[in-house]
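S.K.: I am attaching a structure below and will ask some questions about it afterwards.
Bear in mind these aren't lab numbers, they're just calculated from the coordinates by the rules spelled out. No experiment lies behind these values; they were computed from the predicted model shown. Counting neighbours? That spans all protein chains shown, and the Cβs are built from the backbone with ideal geometry, glycine included.
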Amino acid sequence: MLEKVEEKIGSITSSEFIENTLLALFALFISTAIHELGHVLFAIVLGCPAGVAHVGLITGKSVVSDVCTNTQLILIALGGPLTAFLAGLLIWFLEKESKLRYLSVILMLFSSSLQLIPLNPLDGYQAIKFGLNPAIEIFLFLLVYSISANIIIKAIKKS
């Protein structure tokens, strides 16, 4: 099986493997941090006390006050994925080509799409739980997903 992988992607040195892995972990951490900061920024703009409880490689937790309205909670739930999505678009259009650029864009766009799937405990589900019309949430997911998929496919073809 490893021969098939090597045949498809070419050989890779151990130093390249380590460098790529570290870059991917860094990009994943940045993507998670931007996502969580998006929740907090939306909360602050909407006048809801909030903060980031923790940010890890693949998980994060933002804490929002109980005094927020359902409309505010919907926007805060969507704020994380939308902030990461917009950051991914900005990086795609403004940064020069590099491994970190491709990794960051792919992770931010993919995670934004994933978070908008209306399944518990994802942000798309939370938005519906707080009162967003499911049809609007699914439309938003499909919009972000289709834009993300096209950019990711273009990035893969270029590399």
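S.K.: Gain in length, S98 to K154, computed as 0.36 nm per residue apart minus the alpha-carbon separation, to one decimal in nm?
M.R.: Going from the current span to full extension adds 18.7 nm.
S.K.: Let me ask something else. Distance between Cα centroids, the range 108-123 to the range 19-70: provide it in whole Å.
M.R.: Measuring centre to centre over Cα atoms gives 13 Å.
S.K.: A follow-up question, please. If you wrap a convex hull around the alpha carbons of the range 14-154, what volume per residue comes out, as a whole number of Å³?
M.R.: Dividing the Cα hull volume of the range 14-154 by its residues yields 105 Å³.
S.K.: List the GluC sites (Glu not before Pro) in the range 59-159 that DSSP assigns to loop (not H, G, I, E or B) and whose Cβ has at most 14 other Cβ atoms within 10 Å. Which are they? Write out the running numbers ahead of the final one.
M.R.: Details: sites: E95, E97, E137; in loops: E95, E97.
Within the range 59-159, the qualifying GluC sites (Glu not before Pro) (loop, at most 14 other Cβ atoms within 10 Å) are E95, E97.
S.K.: What does the net charge come to around A27 if you take all other residues with beta carbon closer than 11 Å to its beta carbon, with K and R at +1 and D and E at -1?
M.R.: Net local charge, A27 excluded: +2.
S.K.: All other residues with a Cβ under 15 Å from the Cβ of L75 taken together, and with Lys, Arg as +1 and Asp, Glu as -1, what is their net charge? Write down the numbers at each step before the final one.
M.R.: Numbers: positive: K129; negative: D123, E137.
Value of the local net charge: -1.
S.K.: Within 12 Å, Cβ to Cβ, of R101, how many net charges do the neighbouring residues add up to if Lys/Arg are +1 and Asp/Glu are -1? Please report the intermediate quantities before stating the final value.
M.R.: Numbers: positive: K96, K99, K158; negative: E95, E97.
That sum, taken over residues with Cβ under 12 Å, equals +1.
S.K.: So between T13 and T71, what do we pick up on full extension, going 0.36 nm a residue minus the alpha carbon distance? Provide the component values of the computation, followed by the final result.
M.R.: On the way: separation 58, 0.36 × 58 = 20.88 nm, distance 5.14 nm.
Going from the current span to full extension adds 15.7 nm.
S.K.: Which far-off residues, 5 or more places away or on another chain, put their amide H under 5 Å from the one on C68, with H placed in the peptide plane?
M.R.: Close amide H contacts, sequence-distant or interchain: none at all.
S.K.: Under 21 Å between alpha carbons, and skipping anything fewer than 8 positions from K96 in its own chain: which lysines qualify?
M.R.: In chain and number order, the partners are K154, K157, K158.
S.K.: Still on this structure, I have one more. Nearest 10 degrees is fine. How inclined is helix 99-115 to the longest principal axis of the chain, computing both from alpha carbons?
M.R.: 40 degrees
S.K.: Scan around V52 for amide H atoms under 5 Å from its own, H built in the peptide plane at 1.01 Å from N, and keep only partners 5 or more places away or cross-chain.
M.R.: Long-range HN contacts for V52: V63.
S.K.: In whole percent, what relative contact order does the range 14-154 give with Cα contacts below 8 Å and a gap of six or more residues?
M.R.: 22 percent.
S.K.: Right, here's the next one. Report the trypsin sites (Lys or Arg not before Pro) located in the range 83-159 that are in a DSSP loop and have at most 10 other Cβ atoms inside 10 Å of their Cβ, or state none.
M.R.: K96
S.K.: Which cross-chain or sequence-distant (5 or more) residues have an amide H under 5 Å from the amide H of L116, H modelled 1.01 Å from N in plane?
M.R.: So L116 has HN proximity to G124.
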